[in-house]
Amino acid sequence: MLERQPYAHFYPDGFYAGVSEILVGDAAEKKFQEYRDAIEGYWQAVNDYRQAYAEYEQRMAEILEEVSQTGKTYTEDELPKPPEQPSPPIWYVTEATEAFIVNLPVGEYVIRTIDDQGRAVDGTEKKLKVFDKRRTGVGYQIIPESKWTRPVQSDDASQILYLEGTRTMYLKAFRESEYNQHDYLKMTSLEQPLAGAGATSAYMWVHETEVPNDTKVQILQGGKVVMEAEYKPYYVKQTPGYALGYEIVEFDPEADEFAGRRPSFEAVKLELEPGTYEIRAVDSSGRVLEGSVRDIRSVNVVPMWQLYVLSLLPLLVGLVVVVRRRRTRVVKSVTA
């Protein structure tokens, strides 16, 4: 028999990052209070920043007036430094609430709620199925430079990635697990009665957590490592003008252009010429992560105009034959 317990969701990388941890009991209430204190501290820091910035502007105005009246000059070290703007907490914690925490081995069960007399409450009896992953691996989210808003996924090690010509892409590696598709969709879309219908024999990969940032991606050709790339932060810059273009640049937190901004994403950048490659992810000790190997085929595509030329060749040959025959007939008639 289970009793209600307080619980909360903890998002280390922010609510929209999607990865959460469940905290139970005193840990949930303590973490939520810690989050509230962090938010209150942030707003206090914002108030302090505004006051400090107003004082900074006042001091700069006094210096400018003094310079205009006396001609006195100041070195860069003598000028006041602007205050640093505070950053809000990235992590997030939901408010603790009470619920029944169920943790059972794989199997099928029947659950129900009972009252204080030990009698089953009408309408509370439900079936419960606990299932487990079939296997684990490493999946990739592939962000093409030309279409960064439309990433694709590579989940199975048997998949071959095909590229056209020289391409630049960004890779994010994830720990993933493979689940029965029917069971997983029933769990995540319980409000949809037909979720997972007809998929009892199908399986699907689910990205769970991103690999640590010290993970590297190796590119092999002919069984030898020809390149090794590491995770770096990148920022997507909108290009000026009427065209809705963009440029992906490496994020430098010390650069003035990135002041007060955060990276758009962190990934491994790969620039591949046409050829046959193999990629794999390795941890900080150089160990290959199981299930991370993929084959890549980068091929040169024949330009469309060459295809048109090839399609016209039979017509040109036929035209030449017809012209030659007509010339032969003309020559014979003249000779006769």
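The values are calculated or read from the model by the stated rules, or taken from the named source; none is laboratory data. Nothing here was measured: the structure is a model prediction, and the numbers come from that model. Ideal geometry is used to build each Cβ from the backbone, glycine not excepted, and the neighbour counts take in all protein chains shown.
Of note:
- Single condition Pro83 does not satisfy, out of (1) without any contact (Cβ under 8 Å) to a residue 12 or more places away in the chain; (2) in a loop (DSSP other than H, G, I, E, B); (3) surrounded by 11 or more Cβ atoms within 10 Å (Cβ to Cβ): (1)
- One residue alone among Gln153, Gln218 is part of a strand (DSSP E or B), surrounded by 12 or more Cβ atoms within 10 Å (Cβ to Cβ), of a type in the set (S, T, N, Q) and within 13 Å of the chain's Cα centre (by Cα), and that residue is Gln153.
- Any hit, region 21-37, residues being among the aromatic types (Phe, Trp, Tyr), surrounded by 14 or more Cβ atoms within 10 Å (Cβ to Cβ), under 20 Å from Arg262 (Cβ atoms) and at pLDDT 90 or above: yes
- Residue match in region 286-294 (condition: at pLDDT 90 or above, touching a Ser or Thr at 6+ places or on another chain (Cβ under 8 Å) and of a type in the set (A, V, I, L, M)): yes
- Close Cβ contacts (under 9 Å, 6 or more residues apart or on different chains) running from residues in region 143-172 that are assigned by TED's automatic domain parsing to the domain that holds Gly275 to residues that are assigned to a loop (DSSP other than H, G, I, E, B) and basic (Lys, Arg) comprise Ile143/Arg150; Pro144/Arg150.
- Among (1) part of a strand (DSSP E or B); (2) within 29 Å of Pro89 (Cβ to Cβ); (3) not basic (Lys, Arg) - the single one Asp252 does not satisfy: (1)
- Number of the condition not met by Thr200 [criteria: (1) within 27 Å of Glu21 (Cα to Cα); (2) assigned to a loop (DSSP other than H, G, I, E, B); (3) in contact with a His (Cβ under 6 Å, 6 or more places away or on another chain)]: (1)
- Test: residue in region 171-179 that is among the charged types (D, E, K, R) and either part of a helix (DSSP H, G or I) or within 26 Å of Thr239 (Cα to Cα) (or both): yes
- Total residues in region 255-278, condition surrounded by 13 or more Cβ atoms within 10 Å (Cβ to Cβ) and either in contact with a Cys (Cβ under 6 Å, 6 or more places away or on another chain) or outside any strand (DSSP E or B) (or both): 4
- Residues being of a type outside the set (A, V, I, L, M, F, W, C) and under 24 Å from Thr166 (Cα atoms) - total across region 246-263: 3
- Residue that is nearest to the chain's Cα centre (by Cα) [pool: residues in region 164-206 that are crowded, with 19+ Cβ neighbours inside 10 Å and at pLDDT below 90]: Met169
Results for (1) under 17 Å from Leu289 (Cα atoms); (2) among the small types (Gly, Ala, Ser), shown as yes or no for each residue.
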| residue | (1), (2) |
| --- | --- |
| Tyr179 | no, no |
| His207 | yes, no |
| Pro212 | yes, no |
| Gln218 | yes, no |
| Lys232 | no, no |
| Gly245 | no, yes |
| Glu250 | no, no |
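- Considered as a group, the residues in region 86-125 that are free of Cβ contacts under 8 Å to residues at least 40 places away in the same chain, charged (D, E, K, R) and in contact with a strand residue (DSSP E or B) (Cβ under 7 Å, 6 or more places away or on another chain) include one that is nearest to Arg262 (Cα to Cα), and that residue is Glu108.
- Candidates Ile101, Ile39, Ile111, Ile22 - the one that is farther than 30 Å from Lys186 by Cβ and hydrophobic (A, V, I, L, M, F, W, C): Ile39
- When residues in region 134-150 are screened for being part of a loop (DSSP other than H, G, I, E, B) and closer than 18 Å to Val236 by Cβ, 3 of them pass.
- Selection of region 120-142 for residues being surrounded by 10 or more Cβ atoms within 10 Å (Cβ to Cβ), out of contact with any Ser or Thr (no Cβ under 9 Å at 6 or more places or on another chain) and farther than 18 Å from Tyr179 by Cβ yields only Lys126.
- Unmet requirement for Met227, which otherwise passes all of (1) closer than 30 Å to Val19 by Cα; (2) of a type outside the set (D, E, K, R); (3) outside any loop (DSSP other than H, G, I, E, B): (1)
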